[in-house]
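In what follows, a single structure is set out as structure tokens and then discussed.
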Amino acid sequence: MFSGAFTAIVTPFKNGEVDVEALEGMVEFQIAQGIHGLVPCGTTGESPTLSEEEDRVVIETVVRVTNGRVPVVAGTGSNNTQSAIKYTRMAEEVGADGSLQVAPYYNKPTQEGLFRHFVAIAESTSLPLILYNIPGRTNVTIAPETIAQLAEIPNIVGVKESTLSMNVVSDIRRLCGEEFDILSGDDPMTLPLIALGGVGVISVASNIAPGAISDLVTAMNSGDLARGRELHYRLLPLIRALSVETNPIPVKAAASLLGLCSDEMRLPLVPMSGDNLMRLQEVMEASVHLLPTPEEVL
């Protein structure tokens, strides 16, 4: 159902508020550059610091500006099952095409708890759901066997995989079959994940290089491994520069350098500065062939 390159879009701020005008421009920029889908209110969108009202504003804005041109999969997960249900129903109400559901963080549920959590959310909505498996942030892993159980539920259609394990990806594909969408949650893992049967990526780097990321995924999904490998290695220095500090600090700095939005963040995250910012600028200058021109940004 969901394949291709999806951008986990940053949330722009201006003087402490969501910058709706900048967000509108970023959505238009993404679509013009050939992105296949958008994911607002994920971790890259600083969702832990957004209020319920701001979540609605961001999702509504992305849905409105997109206007059906690409799918919008809203991040509506929580470590509180009832909150996840509430936010998912809100996303459905404002017109999102799907929902991204992170594994509950901090409270460390068992596999049975994870299963019941996602089942409860699935039963509360008609939206297709993508599970989000990211133990580095949640401290809990959704086991492939649990994902296979959940894949039997009609509106649980895929997983965003961020375990960094090709064994896990292989097990998910083996247990869940070809119809279940596996999307990379880490830009450097996109090529090997698609080679193992994945269908795309929910990308951080595509905030600033949507054309190149989309080209990589298109090449891999069409079987052009040589082109995919070429783009992978061309993008790798830029992708690595976007991980020198906690996401989304570097990518928001990069978006600011391109003129897409300000680098304003909400505590406890702070804007990038010093040597790391200088290094990011250097890598972006060396990667100019992968980045949009000033005219394309405007």
(request) Spot the failing condition for I153; the list is (1) hydrophobic (A, V, I, L, M, F, W, C); (2) within 14 Å of the chain's Cα centre (by Cα); (3) not in a helix (DSSP H, G or I), and only one is missed. (result) (2)
(message) If I filter the range 58-69 for residues that are of a type outside the set (S, T, Y), more than 27 Å from I35 (Cα to Cα) and free of Cβ contacts under 8 Å to residues at least 12 places away in the same chain, do I get at least one hit?
(response) no
(message) For the condition of a type in the set (D, E, K, R), modelled with pLDDT of 95 or more, surrounded by fewer than 24 Cβ atoms within 10 Å (Cβ to Cβ) and within 23 Å of R137 (Cα to Cα), what is the one hit in D187, D275, D181?
(response) D181
(request) Report, by residue number, each residue of the range 27-39 that is assigned to a loop (DSSP other than H, G, I, E, B) and either free of Cβ contacts under 8 Å to residues at least 60 places away in the same chain or of a type in the set (A, V, I, L, M) (or both). (result) I35
(message) Being surrounded by 20 or more Cβ atoms within 10 Å (Cβ to Cβ) and at pLDDT 95 or above narrows it down to one residue among L216, L236, L225, L196; which is it?
(response) L216
(request) For A22, indicate whether it is outside any helix (DSSP H, G or I), among the hydrophobic types (A, V, I, L, M, F, W, C) and surrounded by 15 or more Cβ atoms within 10 Å (Cβ to Cβ). (result) no
(message) Can you confirm whether T7 is of a type in the set (S, T, N, Q), assigned to a strand (DSSP E or B) and under 26 Å from P268 (Cα atoms)?
(response) yes
(request) Identify all residues within the range 56-80 that are out of contact with any Gly (no Cβ under 6 Å at 6 or more places or on another chain) and either at pLDDT below 95 or part of a strand (DSSP E or B) (or both); write none if there are none. (result) V72, A74
(request) Say whether the condition of being outside any helix (DSSP H, G or I) and surrounded by fewer than 21 Cβ atoms within 10 Å (Cβ to Cβ) is met by at least one residue in the range 113-120. (result) no
(request) Within the range 40-55, work out how many residues are under 15 Å from V251 (Cα atoms) and either assigned to a strand (DSSP E or B) or charged (D, E, K, R) (or both). (result) 1
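The values are calculated or read from the model by the stated rules, or taken from the named source; none is laboratory data. The structure displayed is predicted, hence computed values, not measured ones. Neighbour counts run over all protein chains shown; Cβ positions are idealised from the backbone, glycine included.
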